[in-house]
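Novice: For reference, the structure I am asking about is given below.
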Amino acid sequence: MTVDLTGIREAAEAQRGIVNETPLLVDEDLSRRFGAGVYLKAESLQRSGSFKIRGAYNKLRSLSEEERERGVISPSAGNHAQGVALAARLLGARATIVMPGFAPLTKVVATRELGAEVVLEGDTFDDAALKAEELRLEHGYTSVHAFDDERVISGQGTVGLEIAESLPGVSVAVVPIGGGGLISGIATALKALVPGVRVVGVQAEGFSSVGPSLQRGEPVAAAGSQTIADGIAVKRPGGLTLPIIRDLVDEVVEVTDDEIARAIAHCAQRNRLVVEGAGAAGAAALLSGKVAVGASDTVCTVLCGGNIDGDLLSRVIEQVMVRQGRYLLLRLSVLDRSGSLSPLIDSVAEAGANVVDIFHRRAVWLAPLGKVGLELVLEVRDGGHGDDVVEHLQNAGYHVEREEQGVWPE
């Protein structure tokens, strides 16, 4: 079969009652920034926490009874794992998932809870894929590829079908790229239904394989490095997905982990949505100005997953608050005697700031004898309030050194 609108529509019909039609939400903040309509396709609210159930279910439903009885196997960085596990449970098949060692514990646990056997192998998706093929040959499992399969791509394309139906005036679609299954399906649907739509792909900077692959005319492996966008940490696009990307995707941009972190926080703070790194990649490209948007445009970005580890989410929010000027790190000194700290804390309170952490430093700072060095981490409303807090403390007689954190502009 080939990937086309007919196959995508068939997948949508088969998914009815199984897959959620996820909401399309206006992003008021991004719309204001661009003077255009910016919408979020919240696949982070999908069953199993990402779009992956769409392709997995479409693939597994097409298998013969004998193929399902042998059990299915698939490599995954995490989201496809949960999609296959859920689809297998719904269709009565056994599932074995091979995940790289860096896969978030949240995704590993969720996959097991959906009934799949999980095998951890290697450091990358490609390592997991090699192990999955080894186990397939050993046990006779039926393989379900994460992205390089026509039925998987068609299933993912139902996201594009929903966008076209809910937002027929869409002019720019911004879609994360790992192996390319999601953007291949979405681009196929949108280019067939929405004349003139521009499709922009987004890759994590450390796994940006699509550009070199398009130049070579074949899948080329990226060097691969650490990224918080584990869902798109795929070293190379697929043999099926690359030609579709070449023919239907207008542009591919890259985003850094700092930009992705900012987008995760943006989704949480501005849109009340919990989104993982891969899911936030499209929003990151918009926030960082890497996608050209005109005032007449109607933009949709796909928040493709929400399976983020709670500890990582808290660390991202904290670091972003520093970069937003919401957290200050100040250094100063007070007399090393009982009661000297109290007036300082009173001054902080008078300025309207909140003490997050306070650390005493003596020998390490080589503070003058009779004094103790202090590091204060303060929470403030914004960058301007932070400036006011520093000025207030200086006016109270304290010599304040402020650690600059490279605050982002609003």
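Novice: Hey, can you rank 228-237, 187-196 by average C-beta count inside 10 Å, highest first?
Specialist: Peptide ranking by packing, descending: 228-237, 187-196.
Novice: Further question on the same structure: In the chain, if the dipole is taken from +1 on Lys/Arg beta carbons and -1 on Asp/Glu beta carbons about the Cα centre, which of Asn395, Ala85, Gly294 is farthest to the positive end?
Specialist: It is Ala85, whose Cα lies furthest towards the positive end.
Novice: Report the rotationally averaged projected area of region 158-229 based on its alpha-carbon convex hull, in square nanometres.
Specialist: Taking a quarter of the hull surface, the average projection is 5.4 nm².
Novice: Next question. Before anything else, pin down the relative contact order of the chain: Cα pairs under 8 Å, at least 6 apart, normalised by residue count, whole percent.
Specialist: 15
Novice: Which order do peptides 118-129, 267-278, 375-386 fall in by mean Cβ count within 10 Å, highest first?
Specialist: Descending mean neighbour count gives 267-278, 118-129, 375-386.
Novice: Quick check on region 53-143: what does the Kirkwood estimate of hydrodynamic radius come out to from the alpha carbon pairs, in Å? Walk me through the intermediate numbers first.
Specialist: Values: mean 1/r = 0.0797 Å⁻¹.
Evaluated on region 53-143, it is 12.6 Å.
Novice: Neighbouring Cβ atoms within 10 Å as the yardstick, rank Ser340, Ser143 fewest first.
Specialist: Fewest-to-most Cβ neighbours within 10 Å comes out as Ser340, Ser143.
Novice: With both bridge residues required to lie in the chain, what share of the DSSP beta bridges run antiparallel, to the nearest 5%?
Specialist: Within the chain, antiparallel bridges account for around 45 percent of the total.
Novice: Another one. In percent, how large is the relative contact order of region 239-335, given Cα pairs closer than 8 Å and 6 or more residues apart?
Specialist: Across region 239-335, relative contact order equals 27 percent.
Novice: From the convex hull of the Cα coordinates of region 324-402, what is the mean projected area in square nanometres? Don't jump to the answer; show the numbers that get you there.
Specialist: Working: hull surface 19.4 nm².
Result: a mean projected hull area of 4.8 nm².
Novice: Using only alpha carbons, build the gyration tensor for the chain and give me the equivalent ellipsoid semi-axes, biggest first, whole Å. Display every interim value, and only then the final one.
Specialist: Numbers: eigenvalues 423, 122, 62 Å².
Its equivalent ellipsoid spans semi-axes of 46, 25, 18 Å.
Novice: Running a GNM on the chain with Cα contacts under 10 Å, which residue among Ser296, Ser50, Ser76 ends up with the highest mean-square fluctuation?
Specialist: Answer for the Gaussian network model of the chain: Ser296.
Novice: For Lys52, go through the lysines and keep the ones whose alpha-carbon is under 18 Å away, minus same-chain ones fewer than eight residues off.
Specialist: In chain and number order, the partners are Lys41, Lys107.
Novice: Place a point 7 Å from Cα of Glu165 in the direction of its Cβ. Which residues in region 15-38 have their backbone N less than 18 Å from it?
Specialist: 15-25
Novice: What value does region 71-198 have for Rg/Rh, both radii from Cα atoms and Rh as Kirkwood defines it? Intermediate results must be reported in sequence, preceding the final value.
Specialist: Details: Rg = 16.2 Å, Rh = 15.5 Å.
Taking Rg over the Kirkwood Rh, I get 1.04.
Novice: Rank the residues Met321, Met1 as a footprinting-exposure proxy: fewest other Cβ atoms within 10 Å of their Cβ go first. Walk me through the numbers before you get to the answer.
Specialist: On the way: Met321 17, Met1 10.
Result, fewest neighbours first: Met1, Met321.
Novice: Once all Cα-Cα distances of region 1-127 are split into 5 Å bins that start at 0, what whole-number percent is in each one?
Specialist: 2, 11, 17, 18, 17, 14, 11, 6, 3, 1, 0
Novice: Given springs between every Cα pair under 10 Å in a Gaussian network model of the chain, which of Val302, Val199, Val334 has the largest fluctuation?
Specialist: With Cα springs under 10 Å in the chain, the top fluctuation among Val302, Val199, Val334 is at Val334.
Novice: In a Gaussian network model over the chain where Cα atoms closer than 10 Å are linked, find which of Ala351, Ala110, Ala283 has the largest mean-square fluctuation.
Specialist: Ala351
Novice: Related question: If each residue of separation counts as 0.36 nm, what is the full-extension length gain between Ser342 and Arg381 once their alpha-carbon separation is subtracted?
Specialist: In short, 11.8 nm is gained.
Rule-based calculations on the coordinates, nothing more; no lab input. The structure presented is a predicted model; accordingly, all values stated were derived computationally and were not measured. Here the Cβ is made from the backbone with ideal geometry for all residues, glycine too, and neighbour counts use every protein chain on show.
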